[in-house]
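The values are calculated or read from the model by the stated rules, or taken from the named source; none is laboratory data. If you're wondering where the values come from, they're calculated on a predicted model, not measured in any experiment. Here Cβ is always computed from backbone atoms with ideal geometry, including for glycine, and neighbour counts include all displayed protein chains. Note: accessible area is taken over every heavy atom of the protein model, side chains too, but ligands, DNA and RNA are not part of it. Shrake-Rupley method; radii C 1.70, N 1.55, O 1.52, S 1.80 Å.
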Amino acid sequence: MNTPEDRQQVDQLVSAALERDPSERVAFLSESCSSDPELLAQVVSLVAEREQSANVWESDVSAADKAFGSRLPGSSGTGSDRTVSICYRFAR
């Protein structure tokens with residue numbers, strides 16, 4: 001899995017898996033990687049890492065949202081506005 005083509009295939013499979021409902025991923029990946037157990041293991045590992053990263057990010061944003069709420073500059077105090085403000089504040 002060292003060629004650019006291999007990495008591109010892995011990236012495409014990871015993206016396609018993440019676009020699917022979690023309940024559909026196993027079947028999708030089993031079918032897509034049926035002839036290559038090493039590919040399957042690599043893709044499953046990367047999907048799990050990205051899911052874990054997304055969950056950590058969501059919990060961090062949620063915690064910051066609770067801590068700062070509408071007190072953030074530029075926030076109307078609702079949903080995505082607060083998330084954008086939180087991201088802006090942490091990026092500064």
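The residues of the stretch 28-43 that are open to solvent by 70 Å² or more (accessible area, probe 1.4 Å) and either closer than 14 Å to R7 by Cα or among the small types (G, A, S) (or both), listed by number, are S34, S35, E38. Checked against the criterion of being touching a Leu at 6+ places or on another chain (Cβ under 6 Å) and assigned to a helix (DSSP H, G or I), the candidates V47, V26, V43, V10 yield just one match: V43.
Name the single residue that is modelled with the highest pLDDT among those in the stretch 12-23 being touching a helix residue (DSSP H, G or I) at 6+ places or on another chain (Cβ under 9 Å) and open to solvent by 80 Å² or more (accessible area, probe 1.4 Å). Top of the filtered list is R20.
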